[in-house]
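Chemist: Take this structure, written in structure tokens, and hold onto it; I'll ask about it next.
The values are calculated or read from the model by the stated rules, or taken from the named source; none is laboratory data. Please read all numbers here as calculations on a predicted model, not as lab measurements. All Cβ positions, glycine included, derive from the backbone under ideal geometry; neighbour counts span all protein chains shown.
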Amino acid sequence: MPKIIEVDKLSKSYGSIQAVQDISFYVEKGDLFAFLGPNGAGKSTTIDIITTVLMPDKGTVVVDGLVLGKEDDKIRSSIGVVYQDNLLDRLLTVEENLFFRAGFYGFTKDQIKESVRNAIITTGIQDYAKQRYGKISGGQRRRADITRALINTPQILFLDEPTTGLDPQTRKNLWEVIRKLQRDREMTIFLTTHYMEEAAEADYVVVIDEGKIAARGTPFELKEKYTSDLLKLSFKDEIKGLSDLAALGIMYTRVVDQFIIRLPHTTDALPILDHFRQNLNGFEVLNGTMDDAFIGITGKEIRE
Amino acid sequence: MIPFASRNIKLYFRDKATVFFSLLSVFIIIGLYVLFLGNAWTSEFPNQEYAKFIMNSWIMAGLISVTGFTTAIGAFEIMIQDRELKIEKDFLSAPVKRSSLAAGYLLSVYIISVIMSLIAFILGEIFILADGGELLGAVAIFKIIGIILINSFMSVSIIQVIIGFIHTANAFSAFSTIIGTLIGFLTGIYLPIGQLPNSVQTIIRIFPVSHSASLARQIFMDIPLKIGFNGVPEAAVNGFKEMMGVTFFVGSKEITPWMSLCYMLLIGALFFAIAVMNLSKRKMK
């Protein structure tokens, strides 16, 4: 797949605070790309730069073949952005908001009407389109934000922490909308998040920590590389099992009747299981999660 | 630019609190006048019959000028909030020119200031009529509308420049409160200019909104003074006019209406130019 966003040696500081340091990465067209990191890692700064609202100190950014800083208006026409904060006007209805903001894209009156109508249908917000933005629920507001971002039928949709502060059911519904956009419209989705389970759903993940890129890969690759799996065995004949483990030089911890072995890779379980096949009462393989991977990468638990 | 301006106007009028607070100094002036000042002043008049008509006309003229200025401050709150709440980001990430955003803010503030001044004008006329006075003639009405248009232009320009130094909503509301408190003095409404010490008189004469107040007073008070001061020697009438800030004097030289008008336009144009320069220089951090 061609690269739709390319970021090269990007740096940005606020006074003495280095928000982003010399980061490089790319996003492939049509991917759901997750930018994972704790709060204050530099995710929003990066998204602000790519979406043309913040000037970088150094580095180049190319969006859909357009160079940031030279062709900003063209970039702006081909992106849709849902920022972390709710940025529509609370005193206006959702529909009024959409009409006003559609006015930014150089549409004719008919085009504005049509694009607003299409966007509303896409996200399914017909029920509260005529209500004031300030009076609807947090989840509905998020949906309205996404609708706003879709007004110019963008190539790339940026979502900066879109589900923060929403309840699980609302999060799930939002994800369905986002997934559908990626699938049906072949839209590239650039997501920042600090939720592991969201990053685990992505096609590709870049982990950022303290302004630097700490790791990159598919969720599977990250889990493989940065987590270990656990193999739990219980033996029919414990004494034989123990002596065999010692003979093979396998390190283990014992919890009641379970022997827990740490494995670098999931497939490492196969020869061990093969060896103990006759003596096994039962076994269990636990895969590392994105949480484990994150701790493995950054050495810290994700902060809320 | 036009749809953006209409968004700002809609937001202003839907926020009842903003509308109320941008009119706060107007309410204070009316309150003080109705409760205390009005009676104190009118009781000193020789011809009691027209005293109220004269003083009502005087206060309403000042009120219209103040309204143009304070509602412009209130309307700028939308711009400050867009910055503070980062709503601005949503505009900046869209393919819309920075200059047309800036123009959209200015245009909406101007329109709001004019609309509110016109409303104050209508209410003022109703008040004068209800209290035994007469309505202005057609020519006078057009002159007042002209003054409102220029006063609002000047006010928007001046405030825009000041707001260039204000970066937070807190600082903005402090500024708005201070101006709201001072404006009644700065335009010589709480106390007529003639009752104030010379240094304060100078400040009033420099403050551009005082000039639109003075011009409006000349128009509002033309008829009431003619009938109310009928037979009074001209020197006494002129003394009264000077005392009440209907006409300003620098030394012994009278400032003519044209001079006031030129001063207002000049100040408006000057501050507008500074504001445009500031806006075009402004970049995102």
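Chemist: Name the one entry in B:176, B:157, B:117 that is among the hydroxyl-bearing types (Ser, Thr, Tyr), within 25 Å of residue B:223 (Cβ to Cβ) and in a helix (DSSP H, G or I).
Modeler: B:117
Chemist: What number of residues within region B:3-12 satisfy the criterion of being more than 7 Å from chain A (Cβ to nearest Cβ) and free of Cβ contacts under 8 Å to residues at least 24 places away in the same chain?
Modeler: Residues in region B:3-12 being more than 7 Å from chain A (Cβ to nearest Cβ) and free of Cβ contacts under 8 Å to residues at least 24 places away in the same chain: 0 in total.
Chemist: While we're on this one: Taking the criterion of being at positive phi and either within 24 Å of the chain's Cα centre (by Cα) or within 14 Å of chain A (Cβ to nearest Cβ) (or both), would at least one residue in region B:72-94 satisfy it?
Modeler: Scanning region B:72-94, I find at least one residue that is at positive phi and either within 24 Å of the chain's Cα centre (by Cα) or within 14 Å of chain A (Cβ to nearest Cβ) (or both), so the answer is yes.
Chemist: Same structure again: Within region A:58-85, how many residues turn out to be within 11 Å of chain B (Cβ to nearest Cβ) and either buried (at least 19 other Cβ atoms within 10 Å of the Cβ) or more than 23 Å from residue A:127 (Cα to Cα) (or both)?
Modeler: Count: 14.
Chemist: Let me ask another. Give the residues of region A:42-51 that are more than 9 Å from every other protein chain (Cβ to nearest Cβ) and not in a loop (DSSP other than H, G, I, E, B), sorted by residue number.
Modeler: Residues satisfying the conditions are A:43, A:44, A:45, A:46, A:47, A:49, A:50.
Chemist: One residue is enough: does region B:18-26 have a residue meeting the conditions within 14 Å of another protein chain (Cβ to nearest Cβ), at pLDDT 85 or above and under 30 Å from residue A:93 (Cα atoms)?
Modeler: Yes, there is a match, as at least one residue in region B:18-26 is within 14 Å of another protein chain (Cβ to nearest Cβ), at pLDDT 85 or above and under 30 Å from residue A:93 (Cα atoms).
Chemist: I would also like to ask the following. Of everything in region B:21-53, what is in contact with a Ser or Thr (Cβ under 8 Å, 6 or more places away or on another chain) and among the β-branched types (Val, Ile, Thr)? Give them in sequence order.
Modeler: B:26
Chemist: Under 8 Å between Cβ atoms, at least 6 apart or on separate chains: pull out the pairs that start in region A:215-238 with a residue that is more than 17 Å from residue A:268 (Cα to Cα) and assigned by TED's automatic domain parsing to the domain that holds residue A:201 and end on any residue that is among the acidic types (Asp, Glu) and surrounded by 15 or more Cβ atoms within 10 Å (Cβ to Cβ).
Modeler: Note: pairs meeting the criteria are A:218/A:203; A:219/A:201.
Chemist: Got at least one residue in region A:141-163 being surrounded by fewer than 19 Cβ atoms within 10 Å (Cβ to Cβ) and more than 14 Å from chain B (Cβ to nearest Cβ)?
Modeler: no
Every residue, every condition in (1) in contact with a strand residue (DSSP E or B) (Cβ under 9 Å, 6 or more places away or on another chain); (2) polar (S, T, N, Q); (3) over 24 Å from residue A:193 (Cα atoms); (4) not in a strand (DSSP E or B), yes or no:
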{"site": "A:5", "(1), (2), (3), (4)": "yes, no, no, no"}
{"site": "A:8", "(1), (2), (3), (4)": "yes, no, no, no"}
{"site": "A:40", "(1), (2), (3), (4)": "yes, no, no, yes"}
{"site": "A:55", "(1), (2), (3), (4)": "yes, no, no, yes"}
{"site": "A:76", "(1), (2), (3), (4)": "no, no, no, yes"}
{"site": "A:98", "(1), (2), (3), (4)": "no, no, yes, yes"}
{"site": "A:110", "(1), (2), (3), (4)": "no, no, yes, yes"}
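Chemist: Within the group A:299, A:288, which residue is under 30 Å from residue A:209 (Cα atoms) and surrounded by 15 or more Cβ atoms within 10 Å (Cβ to Cβ)?
Modeler: A:288
Chemist: While we're here: Which members of region A:124-144 meet the condition of being touching a residue at least 40 places away in the same chain (Cβ under 8 Å) and under 24 Å from residue A:109 (Cβ atoms)?
Modeler: A:132, A:133, A:144
Chemist: Between a first residue in region B:129-155 that is at pLDDT below 95 and buried (at least 19 other Cβ atoms within 10 Å of the Cβ) and a second residue that is of a type in the set (Asp, Glu) and assigned to a helix (DSSP H, G or I), which pairs have beta carbons less than 7 Å apart while being 6 or more apart in sequence or on different chains?
Modeler: Note: pairs meeting the criteria are B:136/B:125.
Chemist: Any residue that is within 14 Å of chain A (Cβ to nearest Cβ), over 30 Å from residue B:231 (Cβ atoms) and under 21 Å from the mean Cα position of the chain (by Cα) - is there at least one of those in region B:27-46?
Modeler: There is no residue in region B:27-46 that is within 14 Å of chain A (Cβ to nearest Cβ), over 30 Å from residue B:231 (Cβ atoms) and under 21 Å from the mean Cα position of the chain (by Cα).
Chemist: When you check residue A:203 against the structure, is it modelled with pLDDT of 90 or more and among the acidic types (Asp, Glu), yes or no?
Modeler: Against the criterion (modelled with pLDDT of 90 or more and among the acidic types (Asp, Glu)), residue A:203 qualifies.
Chemist: While we're here: Among the listed residues A:54, A:10, identify the single one that is hydrophobic (A, V, I, L, M, F, W, C), at negative phi, free of Cβ contacts under 8 Å to residues at least 60 places away in the same chain and away from chain B (no Cβ under 12 Å).
Modeler: A:10
Chemist: Still on this structure, I have one more. Search region A:88-117 for residues that are at the interface with chain B (Cβ under 10 Å from one of its Cβ atoms) and farther than 16 Å from residue B:93 by Cβ and pair each with any residue that is assigned to a loop (DSSP other than H, G, I, E, B) and among the aromatic types (Phe, Trp, Tyr) when their beta-carbon atoms are under 9 Å apart and the residues are at least 6 apart or on different chains.
Modeler: From region A:88-117, no pairs qualify.
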